[in-house]
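The values are calculated or read from the model by the stated rules, or taken from the named source; none is laboratory data. Just so it is clear, the model here is predicted, and its values are computed rather than measured. Backbone-built Cβ (ideal geometry, glycine too); neighbour counts: all protein chains shown.
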Amino acid sequence: MLQSRMFTTAFRFFAGMAVFALLAAFVLGVTSQSSALVDRIVGPLTLGWKGGIGNHLGYTFFVGLFGVAAGLAGVLVAFRDADPEAEAQVVHTESVPLTRAPSGANFLPSLAAFTLILMFIGMGTRSSGITLASLAVIIATGFIWTLRTWAERATGDDTVNAELYHRFVDPLRTPVVAIVSIAVVAIGLSRVLLAVSKTGSTIVFGVVALLFFGVATLLALRPKSGRSVATVLVVIGAIAVIAAGIAGAVVGERDIEHHEPTHEGASVSTAVPGTTDRA
């Protein structure tokens, strides 16, 4: 049955994901509560109608994943994984207009997956800065990814599609990338500086400045090195800053001594309550 042409490849993938999510929700609901065995089983089976479901956040997540995966599986098997003949049969037309396949490398899915993992790490380490920065990057990546998907299928000409994409994304790319880059560097280095000692913070600043100077000098001496080399160096630097920020967040802040300011000429009253001064 798994190799039958009745079930398409994408349908099998999302159907398997739906079954896994449903089983995970049931196991989580049973194991995350300490009530009677019957209530622990009946509760997850009835979506909490006749009993508890344990961890509400995890159970709701897996049940929602089941619903989304099952819906996608149904749509994909109905359209036969976007088969033109099946689509024409569903919409009652003789043929379906062909669309152009996306061209070129797209790093947005990898960026979205990496940022999603980083957001989970920020939530686990209770670092609000990393979590909020990751969430902002995910929203920006999703918007640009959607825009690129639309532009690649706007017309039948790849050149016109590229012009449409750059016309919309270029005015947004520079400020968004600049804000995200500044936020990542500032938050990552701040976690490191709060975790190390005063002498260590000086060393960190020195190493970062030396690396920045070295990379800038290398790019200036080798202007023909290409855009790919600069991209690789930027990605490596971003990963290093993020890893250092996570390590600093896990270690925690060091003990910082707070000194209260003293005012010259201020007198301290040592009078006993209930007594008055006599001239």
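A few points about this structure:
- One residue from Ala78, Ala88, Ala70 being over 22 Å from the mean Cα position of the chain (by Cα), small (Gly, Ala, Ser), modelled with pLDDT of 65 or more and surrounded by 16 or more Cβ atoms within 10 Å (Cβ to Cβ): Ala70
- Considered as a group, the residues in segment 122-134 that are more than 17 Å from Leu194 (Cβ to Cβ) and in contact with a helix residue (DSSP H, G or I) (Cβ under 6 Å, 6 or more places away or on another chain) include one that is modelled with the lowest pLDDT, and that residue is Met123.
- Among the conditions (1) under 21 Å from Ser127 (Cα atoms); (2) touching a Leu at 6+ places or on another chain (Cβ under 9 Å), the only one that Tyr165 does not satisfy is (1).
- Being farther than 19 Å from Val235 by Cβ, assigned by TED's automatic domain parsing to the domain that holds Arg191, surrounded by 13 or more Cβ atoms within 10 Å (Cβ to Cβ) and in contact (Cβ under 8 Å) with a residue 40 or more places away in the chain is not true of Thr155.
- A single entry from Gly48, Gly52, Gly43, Gly29 fulfils the requirement of being part of a loop (DSSP other than H, G, I, E, B), in contact with a helix residue (DSSP H, G or I) (Cβ under 7 Å, 6 or more places away or on another chain) and either over 25 Å from Met123 (Cβ atoms) or not assigned by TED's automatic domain parsing to the domain that holds Met123 (or both): Gly52.
- Unmet requirement for Thr199, which otherwise passes all of (1) within 25 Å of the chain's Cα centre (by Cα); (2) over 25 Å from Val235 (Cα atoms): (1)
- The residue pairs whose first member lies in segment 196-220 and is assigned by TED's automatic domain parsing to the domain that holds Leu233 and modelled with pLDDT of 75 or more, whose second member is hydroxyl-bearing (Ser, Thr, Tyr) and surrounded by 13 or more Cβ atoms within 10 Å (Cβ to Cβ), and whose beta carbons are closer than 7 Å, counting only pairs six or more residues apart or on different chains, do not exist in this structure.
- Of everything in segment 46-65 that is aliphatic (A, V, I, L, M) and at pLDDT 85 or above, the residue that is nearest to Phe79 (Cα to Cα) is Leu65.
- Scanning segment 126-140 for residues that are part of a helix (DSSP H, G or I) and of a type in the set (S, T, N, Q) yields Ser128, Thr131, Ser134.
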